[in-house]
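Engineer: I am attaching a structure below and will ask some questions about it afterwards.
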Amino acid sequence: MRTIHNPRELQEFAFSVRRSGTTIGLVPTMGALHEGHLSLIRRARQSDEVVIVSIFVNPTQFGPNEDLDRYPRMLERDLDACRECGVDVVFVPSAGDLYPEGFQTYVEVGPLASRLCGASRPGHFRGVATICLKLFNLCQPTRAYFGLKDYQQYRVVERMARDFDLPLEIVPMPIVREPDGLAMSSRNSYLSPEERTAATVLFRSLEDAAKACEAGERDPQTLAARVRRGIEAEPLARVDYVEAVDPLTLEPAGSLPALIAVAVFIGNTRLIDNRLLEAPDSSK
Ligand code: PAF
């Protein structure tokens, strides 16, 4: 496994791989790798001949009062995990390499980025789209893999790829959960033992809505209200948003299928999760 820090060296490598007709799978990450990331890497390993993992805590997607400085950084552990998964190249650029003096051009994201996390974290998706575009240009992937916990991120990046005619496939991958249902996230490490227990309220409330939907409740807004009530019953939880949205436009959903998306502070830690609710197929 090679570790490359220099963007030009990485791009030269990627160009030569692609020139030889070989496919590249990219797993973009901010490090602190967990089973969710590893599931993306394993999938890339299955589908692509060369697997690149990028590890870069991207400053432009963090707001001024967010956790950029304390975001977990554990490079040696991450490199071991990548080696075990058979990664070919780990790209570890510095902020100065990717945003050198004079950098001033950003991707202007559209309405998909303005709701949900975009409303709570202004500028977040502009930073995400910009770094993803840069990583795509540097790594020249045939496919790039994104976890569906960050559903809105997946939709924004997939839209950008289509709008800019980027020659790659954006591959969405299922949420990976802890045994008690908590969606895996690098930010789970911020939780105290009490908060960690409380954090399962996101999954439990989404499950409850899925059961209500199976039992016949089909109004997405009623289902979202149910999720909100469930989360509000947990004393350590503070709702940022609970919304039922159309899975494609992310506009409020009037009917199923709907994505119930939640962002919740457990103590000071902001967690997100979601669940797609579909009306059971009556033809079955
Ligand atoms: O999901 C993440 O870890 C980040 O938002 C990404 C896609 C690596 C861009 O910095």
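The values are calculated or read from the model by the stated rules, or taken from the named source; none is laboratory data. Predicted, not measured: the structure shown is a model, and the values here were computed from it. Note that each Cβ is placed from the backbone with ideal geometry, even for glycine, and that neighbours are counted across all protein chains shown. To get the accessible areas, we keep the full protein, side chains included, count just its heavy atoms, and leave off ligands, DNA and RNA. Shrake-Rupley method; radii C 1.70, N 1.55, O 1.52, S 1.80 Å.
Engineer: Could you pull out the residue among 14, 81, 32, 44 that is assigned to a helix (DSSP H, G or I) and either in contact with a Cys (Cβ under 7 Å, 6 or more places away or on another chain) or within 13 Å of the ligand (Cβ to nearest atom) (or both)?
Structural biologist: One residue alone meets the criteria, 14.
Engineer: Tell me which residues, restricted to region 243-284, are without any contact (Cβ under 8 Å) to a residue 24 or more places away in the chain and buried (at least 18 other Cβ atoms within 10 Å of the Cβ).
Structural biologist: Answer for region 243-284, where residues must be without any contact (Cβ under 8 Å) to a residue 24 or more places away in the chain and buried (at least 18 other Cβ atoms within 10 Å of the Cβ): there is none.
Engineer: Within region 167-186, can you find the residues that are surrounded by 18 or more Cβ atoms within 10 Å (Cβ to Cβ) and in contact with a Leu (Cβ under 6 Å, 6 or more places away or on another chain)?
Structural biologist: Within region 167-186, 173, 175 qualify.
Engineer: For residue 238, indicate whether it is open to solvent by 50 Å² or more (accessible area, probe 1.4 Å), under 12 Å from residue 206 (Cβ atoms) and either in contact (Cβ under 8 Å) with a residue 40 or more places away in the chain or not in a loop (DSSP other than H, G, I, E, B) (or both).
Structural biologist: Against the criterion (open to solvent by 50 Å² or more (accessible area, probe 1.4 Å), under 12 Å from residue 206 (Cβ atoms) and either in contact (Cβ under 8 Å) with a residue 40 or more places away in the chain or not in a loop (DSSP other than H, G, I, E, B) (or both)), residue 238 does not qualify.
Engineer: Separate question: Would you point out which residue out of 195, 217, 207 is farther than 28 Å from residue 29 by Cβ and either in contact with a strand residue (DSSP E or B) (Cβ under 9 Å, 6 or more places away or on another chain) or assigned to a loop (DSSP other than H, G, I, E, B) (or both)?
Structural biologist: Just one listed residue meets the conditions, 217.
Engineer: For residue 201, state whether it is in contact with a Phe, Trp or Tyr (Cβ under 6 Å, 6 or more places away or on another chain) and either in contact (Cβ under 8 Å) with a residue 60 or more places away in the chain or within 16 Å of the ligand (Cβ to nearest atom) (or both).
Structural biologist: No; evaluated as a whole, the condition is false for this residue.
Engineer: Shifting gears a bit: Output the qualifying pairs, or none if there are none: Cβ atoms under 6 angstrom, residues six or more apart or on different chains, first residue in region 105-128 and over 14 Å from residue 64 (Cβ atoms) and in a loop (DSSP other than H, G, I, E, B), second residue more than 15 Å from the ligand (Cβ to nearest atom) and not charged (D, E, K, R).
Structural biologist: Short answer, once both residue conditions are applied: 115/250; 116/261.
Engineer: Turning to a different aspect of this structure: Scan region 247-284 residue by residue and report those that are within 18 Å of the chain's Cα centre (by Cα) and in a loop (DSSP other than H, G, I, E, B).
Structural biologist: Selection gives 247, 248, 249, 250.
Engineer: Could you list, in sequence order, the residues of region 122-133 that are buried (at least 19 other Cβ atoms within 10 Å of the Cβ) and of a type outside the set (A, V, I, L, M, F, W, C)?
Structural biologist: Listed by number, the residues that qualify are 124, 127, 130.
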